[in-house]
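Below you'll find the structure, written out as structure tokens, and then a few comments.
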Amino acid sequence: MSQDESKPHKVTICRFTADPNLFCSAPFCNKLDALVTFSGVEGVQYEGVSVLKAPRRLLPYAKIDDVIVPDSELVYDTLKEKGILKCLDAKASLNPQEVALTYAIKALVEKSLVEYMVYERWVENHTLTLNTFMSEVPGFMRGLIGYFFIWRPYEQRFWAT
């Protein structure tokens, strides 16, 4: 029995909200939640953290045996390597063609649809999004913060492409 198998692993997923039953607006947090849930990992703890404290300033990240692993895909790969969870493709007994299809769909969602979700959220519906995400910021400051730090950079980003 190896050292990894002799003691249980401590897995903590760090995301915007600590309650796993609350919806998280970040798509990659939802991706990691789904991968861990569908893989049947038990005893996972959730921690609500600030983006400013996250490695790479991005959520989600995980603490696996007190080692911080950034990015949802790296967390999933690390959990597979440590034997904490089984690959979902292997668990579903997919053939090579079906595995290729899952990679293609994942690439479509992560590259194209996420960009559209960001555009829809921060450009088309920026007022609703600001009021939701910055509810604790005084109203007169939300517009300025939203325009200079969120709406304008995203608007320029999408018009440049």
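The values are calculated or read from the model by the stated rules, or taken from the named source; none is laboratory data. Only a predicted model underlies this, so the values are computations on that prediction, with no experimental measurement involved. No Cβ is skipped: glycine too gets one built from the backbone with ideal geometry, and neighbour counts run over all protein chains shown. The protein model used for the area step is the full one, side chains on, heavy atoms only, and it has no ligands, DNA or RNA in it. Shrake-Rupley method; radii C 1.70, N 1.55, O 1.52, S 1.80 Å.
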* Projected onto the charge dipole of the chain (+1 at Lys/Arg Cβ, -1 at Asp/Glu Cβ, origin at the Cα centre), which of C87, L130, Y119 gives the Cα projection farthest towards the positive end? -> L130
* **Calculated FRET efficiency for the pair Y116/M141, C-beta based, R₀ 22 Å, to 0.05** => 0.15
* Structure fact -> Correct semi-axes for segment 105-161, from √(5λ) of the alpha-carbon gyration tensor and rounded to whole Å with the largest first, are 25, 13, 7
* Asked: When the convex hull of the C-alpha atoms of segment 12-126 is computed, what volume per residue in Å³ does it have?
  -> 115 Å³
* In debye, nearest 20, what is the charge dipole magnitude of segment 22-161 about its Cα centre with +1 on Lys and Arg Cβ and -1 on Asp and Glu Cβ, if you could check? => 260 debye
* Rolling a 1.4 angstrom probe over the protein heavy atoms, how many square angstrom per residue are accessible across segment 1-151? -> 65 Å²
* To do: Set the Förster distance to 30 Å, then compute FRET efficiency between A104 and E47 from the Cβ-Cβ distance, nearest 0.05.
  => 0.35
* Structure fact -> For R57, placing the label point 7 angstrom along Cα-to-beta-carbon and taking segment 25-50, residues whose amide nitrogen sits under 19 Å are 26-29, 49-50
* Evaluate the charge dipole of segment 1-87 about its Cα centre and quote only its size in Debye, nearest 20, assuming +1 on the Cβ of each Lys and Arg and -1 on the Cβ of each Asp and Glu. => 220 debye
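Please compute one quarter of the surface area of the Cα convex hull for segment 87-136 and express it in square nanometres.
Projected area, direction-averaged: 5.1 nm².
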* If you keep only loop residues by DSSP, which GluC sites (Glu not before Pro) in segment 76-161 have at most 16 other Cβ atoms within 10 Å of their Cβ? -> E136
* To do: Would you tally the net charge around C14, using a Cβ to Cβ cut-off of less than 14 Å, leaving C14 out, and scoring K and R as +1, D and E as -1?
  => +1
* For segment 16-67, state what percent of all Cα-Cα pairs lands in each successive 5 Å bin, counting from 0 Å until the bin that includes the largest distance. => 4, 18, 31, 29, 14, 3, 0
